[in-house]
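Taken together, the values in this text are just the output of simple stated rules run on the coordinates, not laboratory data. Treat the numbers as computed from the prediction; the structure is a model and nothing was measured. Every residue, glycine as well, gets a Cβ built from its backbone with ideal geometry; the counts of neighbours run over all protein chains shown.
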Amino acid sequence: MHCPFVPAELEDFRDTLRDYAARRLLADYPRWKTEPYPRERVVELGDLGVLGLCTPGEYGGSAGAGGGYLALGVAAEEIARGDFNVTYFLQLGTIACRLLELSDTEALKQRWIPSIASGESIAAFALTEPSVGSDAVRLSCSARREGDEWVVRGEKASITFAGSADLCIVFCRTGGAGASGVSMVAVPLDLAGVTRQVYKSSTSHLTQRGSLFFDDVRVPLDHQLGAEGAGFVAAMQAFDFNRAVIALACVGAAAQSLDETMAYVKGREAFGRALARHEGVAFQVAEHLAAVHAARLVAYEALALADEGRPHIAQAAMAKWLGPKSAAEATHAAVLLHGWSGFGDDLPLVQRLNDVMGLEVGDGTPEIMKGVIAREAMGRAYTAYR
Ligand SMILES: Cc1cc2nc3c(=O)[nH]c(=O)nc-3n(C[C@H](O)[C@H](O)[C@H](O)COP(=O)(O)OP(=O)(O)OC[C@H]3O[C@@H](n4cnc5c(N)ncnc54)[C@H](O)[C@@H]3O)c2cc1C
């Protein structure tokens, strides 16, 4: 459905990706519940240009030359129609490249950014720990200075691509308590002292979500990104655009589920007429189309603001609340409207519902999003969580 925030120039890009999702991703979506996602398919995403949309041309991306946050949103929406989990490569690749750009060391940037934007390397982002998530500001994974190295020690939990990433942006405590004691260190995951544990879950083979353990991992000092103590703020800034991207991934998955449902209810009859001619069915579809489209609009509004360099915290939080919620509700309805067949493994609906629910939690839960929206509307004095 048309969105006024998305310029007409992105429509050809949208068509290319919708075709790729239908042709290359959709049929294989269930496959990655049990098989690893082939690295050459990640490179394929790089060739499509969806991993470097916010990366400057000098590092192999297309920011400012057809790319940008709106283009990233379009890509997430369309790719998710085929395989919701493939959008994690777009999300984490973009976050990592934006954070690596904060480095003062050109060699580090040249080593990693082009390789992530081309899909040759996979990046992870490690903020969450076993005992801190929503209140990540209390994180305890530490980096201590020894000579010309950071020595990283601690455990990160629920990290997407823990099992497959080549590089991880690790949020470490380098100073005292609170946000100003947190710094970012880019840790190549082949260094001595890194171990990984992938969780058992229905999406585990593609997202490789799991724990990362850092046992006195020695990283050159120049792998610190941004100023010392500025890591937490940088993480929050990355969340702002990525929350809208997540919303659009959810919107794409829901739109696909609703398209499949409309085709089904038009074709199947009950009580002497097509299911779609029963008001109880048609109105359900209508309500979910409306809710999903509202989420789409606020998500693209956030990304349009991001492209203009304007504040978009509230819109991104609204999108991150509404997108996964409306998508989970629409996909749940899609399962039910397909009757017994919706619940089976032959259709992707239950898998999609499960995957969308993961990002109701990931990158900030509904309660945290509402806290952000209320804070932005009423002022910092009314911050719910701090
Ligand atoms: C699919 C997926 C992918 C993820 N990928 C990554 C990743 O790549 N990197 C990374 O660092 N992390 C990742 N995470 C972790 C994610 O960011 C955290 O799970 C999330 O921030 C919530 O933290 P928590 O799980 O510790 O929940 P908690 O903070 O323990 O919260 C549990 C529940 O309590 C609620 N709650 C907490 N505090 C309050 C309050 N004050 N008032 C009301 N309710 C409250 C929460 O909303 C939630 O419902 C991922 C998680 C998932 C599910």
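Each label point was placed 7 Å from the Cα along the Cα-to-Cβ direction; for Asp19 and Val361 their separation is 3.9 nm.
Classify segment 1-65 from the C-alpha gyration tensor, please: rounded if a/c falls under 1.5, else prolate or oblate depending on whether a/b exceeds b/c. It comes out oblate by the Cα gyration axes.
Treating r as the C-beta distance of Glu146 and Asp190 and R0 as 30 Å, the FRET efficiency rounds to 0.90. Per-peptide packing, taken as the mean over residues of other Cβ atoms within 10 Å, places 165-173, 345-353, 186-194 in the sequence 165-173, 345-353, 186-194 from highest down. Between Lys156, Lys266, Lys325, the GNM of the chain built on Cα springs shorter than 10 angstrom shows Lys266 fluctuating the most. The helix-only estimate of mean residue ellipticity at 222 nm for the chain, built from DSSP H runs of length n ≥ 4 each weighted as -39500 (n - 2.57), is -16000 deg cm²/dmol after division by the residue total.
Does segment 236-308 classify as rounded, prolate or oblate by the C-alpha gyration tensor (a ≥ b ≥ c root eigenvalues; a/c under 1.5 gives rounded; else a/b over b/c gives prolate, otherwise oblate)? Prolate, since a/c reaches 1.5 and a/b exceeds b/c.
Largest GNM mean-square fluctuation among Ala71, Ala235, Ala290, using the chain with Cα springs under 10 Å: Ala290. When you count the other C-beta atoms within 10 angstrom of each residue and take the mean per peptide, 267-273, 326-332 line up highest first as 326-332, 267-273. Classify the chain as rounded, prolate or oblate, taking a ≥ b ≥ c as the square roots of the eigenvalues of its Cα gyration tensor: rounded when a/c is under 1.5, otherwise prolate if a/b is larger than b/c and oblate if not. Prolate, since a/c reaches 1.5 and a/b exceeds b/c. Report note on the peptides 357-367, 48-58, 1-11, 20-30: ranked by the mean count of other C-beta atoms within 10 Å, highest first, their order is 48-58, 357-367, 20-30, 1-11. Counting lysine pairs in the chain whose alpha carbons fall under 22 angstrom apart, excluding pairs fewer than 8 residues apart on the same chain, gives 4. For segment 261-385, the convex hull spanned by the alpha carbon atoms encloses 122 Å³ per residue.
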